[in-house]
Structures are given as C-alpha cells and as structure tokens.
Amino acid sequence: MLRAARKKARQAIRTAFTQARSYLKGVEDASEYDIEWLSKIRPKFMTQGSYAYKTLNAPCYKSQEIDLDDGVYLPMSIMNTAPEANKDWFFAIVDGALRELAEKENWEFSNEKNTCARIIIPGKQAHIDIPLYAVPDSRHAHMVEAIGDLNVKLGELLFERDGPELKTFLLDENEIYLATRDEGWRKSDPLLIANWFKQQIGIKGQRLRRICCFLKAWRDYCWEAGGPSSLALMICAAEAYPLDDRGRDDYALLEVVKTLPTRLSGKIYNPACKYPEVVYPRGNSDQAEIVACSNQMLNALQSAVSGSLDKAAVVDACITQFGRRLPCRPEWIDVITSAEIVRSTPAVSVKPERIPNARSG
C-alpha cells in the first residue's frame, strides 16, 4: 500500500515540474526564465528512514502511524541562482502536486511540518513524508531512482564539511541541503547515517535490525507519542551491540538494554557527521522519565532472560515492556540451564604460563 502510494506521489511530482508554470502563478519573484528552467528539471527520488533500514514496525496504538520517507532531489545549480526564492518555488510545486493527488485519491495533504510535505492515507494508519533536497549536479545525474537498498558507494557520499552553520546566500556545491519552510536551507545528507547503519549490519549481522525493532516497539508501547527517537535508539543498539551475541535475540537485546539508562541520561550524537550533531535529547523530551522507563525494561529483561525458570513469568515480564503485540506463548520459551550455557560456550585456548628456571636450595 505504501509503495503504491509512493509511486503515485512520484509521478505527480514529475508531472508537476513539467507544468511548473501553473504551480507558480502568483509566486513572488518567479520570472519566465526561472519557470522555463524549472520545467526542464527532472527530480530524482530516494527512500530513506526506517523503511529503507528495514526496521519499520506496525503501529502499537490507533493514534500511531507507520511512515515512509521519500526524498525529492533537485540539482544544486537551479538553487544557487536564488537559494531562498528557489526553495519556495520547490515547495510550491511539490505541495501543489501532492494537494491535487490527495484530493483525487481521497487522501489528506499536510504542509504543517517544517521539513517536508506529507500525504496521509486515512483508515490505514500510514503516511508518506516527502522532504526536499538540493544535491550537487554530478551526484544528481548519477542517482538511481526508486531504490530502497541504498546501493550508492560510501566514498561518493562523504564530503568535507566545514561546520554545521547554514550558508544563506550560496549553497556549497559539495554538500546536500534540506529545504525547510521557515529556516531556509539546512545541511543534511540522509545517506550518511544510512550507510553507517548498513556498515554496522555488515559487521554485526542481521540480528541488529531486530534489536532496533524491539527497542522501537518498547518506545511505541511506553509512549503513545514522544519518547526517544528511532534514530537515537538505532545508534544506541549499534554502538552497544555485544561482540558475542550467542546467536540469541534475547541475550543481544539484554546486553544493549544494560547500557540504555546511562546512554539516555546524556546526549547521543550522530556518528556519521564530522561535526557534533545531537540527535537526542530533542524537543520537550523528559529525560528523567525516559531513563526511568529504560531501567524498568532492564529489570524486566534481566528477570526474563536470566532470573526465572517460569515460562509464563518470562512472557508476562516481556509483555509489560512491549505490550500485547508480543504473543502470549509460553511454549515458545526455551529454558537454558547454567550447565548448558557452559557446554555451548566455545572453548578458548589459553597460552600456558611461562615457568622460569629455578634452582633448589
């Protein structure tokens, strides 16, 4: 359903650029030359966020929605002639196209978010966010449309950054910028964190994806709205993932959760940025409440994983943290004794201790 809606949204935006004149009627400072230039632009698209990371969860409450983030990319050259004006034209074309599409499909359109346009699919607990980007011309020319597998070489994504400040009058040709409705252009390359996470999966394995899903499920159950962001939880999971996960989701999750209270009591930074970018805390998040909830999850998981032989108690402990989406199936629980843990732990060769020569007497 989301993929089908994304396909329609992309086609509507492509068509809108070919008909730029009708969308820019009455828009301030839009000359005939600018409109003609915009009508020749062919936007590119790239899906990002949880959908691309394969960590998308079904909603926990009726008020929650699953979302798909699909970025629209235009070449930098059109933006540098008049960055602020062209940003407004960019939004005017995309908003107009999506507003018309929403009316045709009986969807809802929203331009309330500062960083994107949104189409909401009523009755499906789902929406699509469409952020707008300016990208270097050379990269725009080589972008692959309709990808979800992030098949862009990492070396092509890393650019020298000179700080987080916003360049108001001229966009750096080596950077990617996100258009915001109220704050101009903001440096932002979503593929940097995406490829960082892809590297982490390559190093630590697919189980890391599931640990991220578990943490998001805990967040969604504890907070109908709010709580730590998915990005913050993903960073915590990747950085705290154990060297030996014993081939078990429960053990790997517990080892990650052991670090959560400490991590969530401080600041979490984007590991893919050369300059310090805080991803947590943000907004009005109540850190004390978040830390208290993470301690509750830690206590419950410690009891479930290593403190109880009662299968029903194990399931109950987990349901208190993840909600009723976690099935009540005690028969799925395997009880592992200490002896079995010892037998299943690979032997480690130890270098024999050197015994020095000694003389009696």
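Read-outs: derived from the displayed coordinates by stated rules, not from any lab. As the structure is a computational prediction, the values presented were derived from the model and not from experiment. Glycine also receives a Cβ, built like all others from the backbone with ideal geometry; neighbour counts cover every protein chain displayed.
Laid out as a table, the results:
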item	result
Listed residue (273, 296, 315) projecting farthest to the positive dipole end of the range 238-331, Cβ model	273
Approximate spin-label separation residue 244-residue 277, in nm, with each point projected 7 Å along Cα-to-Cβ	3.7
From the C-alpha gyration tensor of the range 205-337, square roots of 5λ in Å	26, 17, 12
